[in-house]
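Worksheet for the structure shown next.
Here, each number is a calculation from the coordinates, and none is a lab measurement. Given the structure is predicted, the values throughout are model-derived calculations rather than measurements. Glycine also receives a Cβ, built like all others from the backbone with ideal geometry; neighbour counts cover every protein chain displayed.
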Amino acid sequence: MEKETWIIVGLGNPGAQYAHTRHNAGFDTTDILARRWNAPLNRKKCSGMLAEINLDGKRVVLCQPQTFMNLSGQCVGELLQWYKAPLDHLLVIYDDIDLPLGKLRVRKTGSAGTHNGMRSIMQHVPAQTFPRIRVGVGAKPEGWDLANWVLSHYQTREELDAMQSAFTAAADCVEDWLKSGIDHAMQSYNGK
């Protein structure tokens with residue numbers, strides 16, 4: 001029997017200049033999972049960099065889209081088709097400026113809100129019914145342009161520490177979802 005596939009997509013922008021910016025919270029979280037699972041993201045497929053592993057009898061695909069943020073849906077659409085995975089087996093991790101720095105929000109479904117990566121995904125998937133983990137990167141300060149804010153780096157040791165904890169918690173949440181399902185993950189990680 002064919003193993004069910006579970007797909008974890010961390011959103012971000014490819015390229016060294018975008019590494020560890022606020023918009024790359026999804027990449028930073030999937031980097032932690034890749035290290036934890038000893039699964040380097042080194043396979044180019046479906047417009048993304050992938051790692052495919054067997055975890056507790058599940059085929060798990062870890063992905064960082066290489067399309068730039070506002071075209072993320074292209075990669076996610078290709079992944080779902082290639083792996084023939086149901087929508088509830090897709091989990092997307094991304095940054096959220098409406099959440100306080102370092103806070104997580106885990107949801108089973110929902111709209112894209114103001115996030116361009118999620119808007120793109122909604123255009124390429126049949127429904128909004130897939131789980132997601134939003135990682136708070138803090139609100140845009142007065143006088144900042146939104147694009148400049150999400151593409152900025154964390155400024156202080158406190159910010160870096162808070163975000164490192166958030167990425168670790170988000171990675172823990174992914175493992176919880178794989179093991180115990182989205183309801184359990186929501187109960188355990190919302191507001192952390």
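Some observations on this one:
- When the trypsin sites (Lys or Arg not before Pro) in the range 61-128 are filtered for DSSP coil states and for at most 16 other beta-carbon atoms within 10 Å of their beta-carbon, the remaining sites are LYS84, LYS108.
- Fewest neighbouring Cβ atoms within 10 Å first, the residues TYR18, TYR94 line up as TYR18, TYR94.
- Counting DSSP beta bridges with both ends in the chain, the antiparallel % (nearest 5): 55
- Order of ILE8, ILE32 under a 10 Å beta carbon neighbour criterion, fewest first: ILE32, ILE8
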